[in-house]
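For reference, the structure is listed below as structure tokens.
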There are 2 protein chains.
Amino acid sequence: MRLSSLLFLVCFFTVAMSQCAAAAKARHFRWEVSNMFWSPDCEEKVVIGINGQFPGPTIRAKAGDTIVVHLKNGLHTEGVVIHWHGIRQIGTPWADGTASISQCAINPEETFTYRFVVDKPGTYFYHGHYGMQRAAGLYGSLIVDVADGDEEPFKYDGEINLLLSDWYHESIYTQMVGLSSNPFRWIGEPQSLLINGRGQFNCSLAAAHTPGAKQCAAAGAAGNRHCAPVILPVLPNKTYRLRVASTTSLASLNLAVGNHKLTVVEADGNYVEPFAVDDIDIYSGDSYSVLLTTDQDTSANYWVSVGVRGRQPRTAPALAVLNYRPKRASRLPAAAPPATPAWDDFARSKAFTYRILGRAGVTPPPPATSDRRIELLNTQNRMGGGHVKWSINNVSMVLPATPYLGSLKMGLRSALPSAARPSDTFGRGYDVTRPPANPNTTVGDNVYVLAHNATVDVVLQNANALARNVSEVHPWHLHGHDFWVLGYGDGAFRGDAGDAAALNLRNPPLRNTAVIFPYGWTAIRFVADNPGVWAFHCHIEPHLHMGMGVIFAEAVDRVSELPKAAVSCGATATALMAGAGARAGGHV
Amino acid sequence: MRLSSLLFLVCFFTVAMSQCAAAAKARHFRWEVSNMFWSPDCEEKVVIGINGQFPGPTIRAKAGDTIVVHLKNGLHTEGVVIHWHGIRQIGTPWADGTASISQCAINPEETFTYRFVVDKPGTYFYHGHYGMQRAAGLYGSLIVDVADGDEEPFKYDGEINLLLSDWYHESIYTQMVGLSSNPFRWIGEPQSLLINGRGQFNCSLAAAHTPGAKQCAAAGAAGNRHCAPVILPVLPNKTYRLRVASTTSLASLNLAVGNHKLTVVEADGNYVEPFAVDDIDIYSGDSYSVLLTTDQDTSANYWVSVGVRGRQPRTAPALAVLNYRPKRASRLPAAAPPATPAWDDFARSKAFTYRILGRAGVTPPPPATSDRRIELLNTQNRMGGGHVKWSINNVSMVLPATPYLGSLKMGLRSALPSAARPSDTFGRGYDVTRPPANPNTTVGDNVYVLAHNATVDVVLQNANALARNVSEVHPWHLHGHDFWVLGYGDGAFRGDAGDAAALNLRNPPLRNTAVIFPYGWTAIRFVADNPGVWAFHCHIEPHLHMGMGVIFAEAVDRVSELPKAAVSCGATATALMAGAGARAGGHV
């Protein structure tokens, strides 16, 4: 155990956290969320910003620090929440920032205070988790350094932060109406990809290498600062840590830097066994640290290229310039940008993903056995004729008006109106290679109640979508936990000895997001040791909106008294106002 | 007093309203508000609909009935409320449907029940009253017939309902961001005018008479049903009551019917002394009944034309067809549509407005004297350099997170954070003919506390806007009351004998909306006999959004216990959850 971890535990068990001020500090932020005009790819749109910025401000902290964000909702008629992606919220489940799950959405003109400990160094981010507000631009970076006196298990000279996203010109309001409409309207592919909130639409920074493309204004040109090219200044012969996170709405991405190798050292805030690659795949919800050494010809600059994988791309790659100082950034690389690997070369995708393993001597191994296995079949379905949904074990998730954390803790009957809990299995007869024989789905809460400290395996099973010969990539993200990714397989999971043999119990990586490949399955394991109510869902924004998720309710009776602001809506507010206040802190 | 009124009073004073079931009934509606695709002028946009309809369903009731609307919010992340425009909500101020004022906005997936008595026959409508949701299409008609056994003081053979509005192609989200931005962006003129939710954009039904215009598809043509021409079938030699209401966001309108005279008999749910005109002006928030006799050549159809007045028009008139049956509706009138009077012929506008008087023998006269006079100067101002606001006595109204009705009733300190109440006068030195010498404004709550049963005069004083030689029309709408319009004047109100002489205490009309003309003033009188918290504001949606309003808090201690759902947000919810529940019904 690292010194900082030990110190954190010591602090945790002393009643007065202030006694730990020397080791960890509280970092306060006052943020206001509002709609504003912005031009991420030089096309002006309404974007959700924080304190007038897009992306939102980067939070930088040290492991063990307490983050305190006073979040004012400056939207006119919309609620808002912010989820701190990858932060486990140990002991503070009400600060997880999921509307309908962990808290009541913050009303316009109201302020909610998020207060939580960032207990583990790593590359994180934050984003909206209500409706599709993430896709409207409500996101930013959250970087946690090692605690003072502690050291990363690798060396580097400098850092570069790359928050990746995709961008649509249709408003999220129009997108949401389309997804809910009958007939269904899909949002299509994004208009552009963004690096740190900036992208190129209808032009290329590398037009010389891109037939038919118009040249975008170069670095340093007078132009719209919102969409000025991203320049990443580096010095020769140094090693840089690139922190890369993806908060795309839809796109699976691939990142490469011309001429440079990338050594993967961190995934989702967990160290991994280092391995070198030419490029990395990064799915929505993923974060990575990769080391890059500036050991190339110092007379040139180099492209950073981010392109689409996993779906047939209709979006041009986003480019940035790795600028070897003291050369001018405006001198664009002479070489063509690295080509994004073929979108449907899933063998290549799997090869990358399978190389991600726990770091020897650092990543703890998983428990040898599990107490429960939940198998979740991901299918695309129809409802009411024209609505298209994503379903889990044939039930599409809908979220309630009253957040689960409050309603379950208060034992409200309205919390789980149906006595039937969702199934732990979808059976063995399902043919994952064909469109669903019966595509009809229903809606439900998809709440799984987990026993405290149970070791839980989840097998995510992919299948064919509604159209023939289509099975999509889905990156699933778990709140409140890291999990071990035990393994992957093609075809249907059978739970037999062969599948068991495919699982890695020796050095699996710890992550918070895991991808399921087309027609395949992914098995994860975690310990239900963090009382709270946690979403587990496909991180593709429209897929979640279409019901692709489940809820894990975990020892809610052990959750401390909830802040009133987290339960000041719906049935919890009604119950508390009716005089049930005495029960608010009670364990039910 | 009419029989129905007497019966209503009897019912009102019997404790059990159910005893009056024979005379008045409860009408129940289950509505769900949601965003949907719709093409009001054949251009598809996101529109707020009710039960999948735009405009929302028409409510039809009889005087004395109780309306019960179970309103479910089906929007994804936005709150919603509905205001019942013109209904005084006597004894039910929490049902007035004003966010931040009378109730907490209804959260997504929640249902709020509006229950109120429509005590007076007339032509009303309802609309959203949160952010600019009215401008997104959240509106519909509310028609109250006389009670059984009662009669209107005029005769007619049939009815035609015309709900008028204007329509923008920019979403309200974009509009709101522009209005709040620095530099300020004005919303501009509407793209089209709508009659019963249907309009023509980039084409004219009367292209033959409109140089350069493309002919719209005629009635009966296969096309988009959302924007099919409005056909108004009539029989020859009958008298029709046209119920006309305007819920425009911005536009002041004029309505004319080719070849036909219109006799005005009702304004804002109050009878007026009948008078005949060729056309009527109608401002946002107004409603009228006009009688039309189909005494013209039966071999033709006739245009109903609705055009813009009061601002330089950039929007084509909306046309509908008055269809003399059994002629086919598709036979368009051969004559040109009636021309809308010159937009800036304010002498003509005043002449129409000044003719509206209380109906002899029906409209009660006002109290002879008043207890208080509040003078409200309407100015356009700047704040923080680039923001443009509208202000009242130099303070631009902002609305709080916690609605006033709850916070004032519960005596919360947060309700009126400033001890200083807004001024009853702006002084006599202000030059209304020039841009403000000091254009800077501040924001405030603009809450006026009125003594119970006080007779209150309000003088609305118009002035020059920020630009030279500009003074705009503002129709002010009062919630919770009708008022007598005592008179109008040009220039600055001085409060002297000359101004007093201009007031009509003999037969002024009762209304709920009154216009102030450019550079002029309008004086109204009402009795503060309806405990509650009532908005009084310019009914132009962007003007209200820019702060053009005040609040009248009236004997809140006499308001009955508030429904919990009306106070389940903000400081009222916090106080009630903290155990102040016992105080909820208390009078503070």
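Does region A:182-198 contain at least one residue that is under 20 Å from A:R331 (Cβ atoms), at pLDDT 95 or above and aliphatic (A, V, I, L, M)?
yes
Among the residues that make up region A:7-22, is at least one of them of a type in the set (S, T, N, Q), modelled with pLDDT of 80 or more and surrounded by fewer than 21 Cβ atoms within 10 Å (Cβ to Cβ)?
No, region A:7-22 contains no residue that is of a type in the set (S, T, N, Q), modelled with pLDDT of 80 or more and surrounded by fewer than 21 Cβ atoms within 10 Å (Cβ to Cβ).
Here are the criteria: (1) touching a Ser or Thr at 6+ places or on another chain (Cβ under 6 Å); (2) crowded, with 22+ Cβ neighbours inside 10 Å. Tell me which single one B:Y156 does not satisfy.
(2)
Within region A:198-216, can you find the residues that are free of Cβ contacts under 8 Å to residues at least 12 places away in the same chain and closer than 18 Å to A:D41 by Cα?
A:A207
Would you check if there is a residue in region B:204-227 being surrounded by fewer than 19 Cβ atoms within 10 Å (Cβ to Cβ), modelled with pLDDT under 95 and closer than 20 Å to B:G140 by Cα?
yes
Among the residues of region B:520-569, write down those that are within 14 Å of another protein chain (Cβ to nearest Cβ) and within 19 Å of the chain's Cα centre (by Cα).
B:E541, B:P542, B:L544, B:H545, B:M546, B:G547
Quick check on region A:167-183: of everything there that is among the hydrophobic types (A, V, I, L, M, F, W, C) and in contact with a Gly (Cβ under 9 Å, 6 or more places away or on another chain), which residue is farthest from the other protein chains (Cβ to nearest Cβ)?
Among those residues, the one meeting the criterion is A:W167.
Using the structure shown, decide if B:G149 is over 14 Å from the mean Cα position of the chain (by Cα) and of a type outside the set (D, E).
Yes; evaluated as a whole, the condition is true for this residue.
Identify all residues within region B:90-133 that are of a type in the set (S, T, Y), outside any strand (DSSP E or B) and at negative phi; write none if there are none.
B:T92, B:T98, B:S102, B:Y130
Among the residues that make up region B:502-521, is at least one of them among the aromatic types (F, W, Y), touching a residue at least 12 places away in the same chain (Cβ under 8 Å) and not in a loop (DSSP other than H, G, I, E, B)?
So far as region B:502-521 goes, yes, one or more of its residues are among the aromatic types (F, W, Y), touching a residue at least 12 places away in the same chain (Cβ under 8 Å) and not in a loop (DSSP other than H, G, I, E, B).
For region A:133-149, indicate whether the set of residues that are under 30 Å from A:A573 (Cβ atoms) and either among the acidic types (D, E) or touching an Asp or Glu at 6+ places or on another chain (Cβ under 7 Å) (or both) is non-empty.
There is at least one residue in region A:133-149 that is under 30 Å from A:A573 (Cβ atoms) and either among the acidic types (D, E) or touching an Asp or Glu at 6+ places or on another chain (Cβ under 7 Å) (or both).
Filter region B:94-147 down to residues that are charged (D, E, K, R) and within 11 Å of another protein chain (Cβ to nearest Cβ) and give me whichever is surrounded by the most Cβ atoms within 10 Å (Cβ to Cβ).
Across region B:94-147, the extreme among qualifying residues is B:E110.
Residues in region A:369-400 that are closer than 15 Å to A:P422 by Cβ, away from chain B (no Cβ under 14 Å) and surrounded by fewer than 19 Cβ atoms within 10 Å (Cβ to Cβ): how many?
Adding up the residues that qualify gives 2.
Look at region A:249-290 and say how many of its residues are within 20 Å of A:W303 (Cα to Cα) and either in a strand (DSSP E or B) or touching a Phe, Trp or Tyr at 6+ places or on another chain (Cβ under 8 Å) (or both).
21
I'm told A:N202 meets every condition in (1) within 14 Å of chain B (Cβ to nearest Cβ); (2) in a loop (DSSP other than H, G, I, E, B) except one. Can you identify the failing condition by its number?
(1)
Under the condition of being within 14 Å of chain B (Cβ to nearest Cβ) and either touching a residue at least 60 places away in the same chain (Cβ under 8 Å) or part of a strand (DSSP E or B) (or both), which residue from region A:50-79 is surrounded by the most Cβ atoms within 10 Å (Cβ to Cβ)?
Across region A:50-79, the extreme among qualifying residues is A:E78.
For a quick check of your reading of the model, give me the residue pairs whose first member lies in region B:375-396 and is of a type in the set (S, T, Y), whose second is outside any strand (DSSP E or B) and crowded, with 23+ Cβ neighbours inside 10 Å, with beta-carbon atoms closer than 6 Å and at least 6 apart or on different chains.
B:T379/B:A463; B:S391/B:T441; B:S396/B:T441; B:S396/B:G547
The values are calculated or read from the model by the stated rules, or taken from the named source; none is laboratory data. Nothing here was measured: the structure is a model prediction, and the numbers come from that model. Cβ atoms come from the backbone with ideal geometry, glycine included; neighbour counts cover every protein chain shown.
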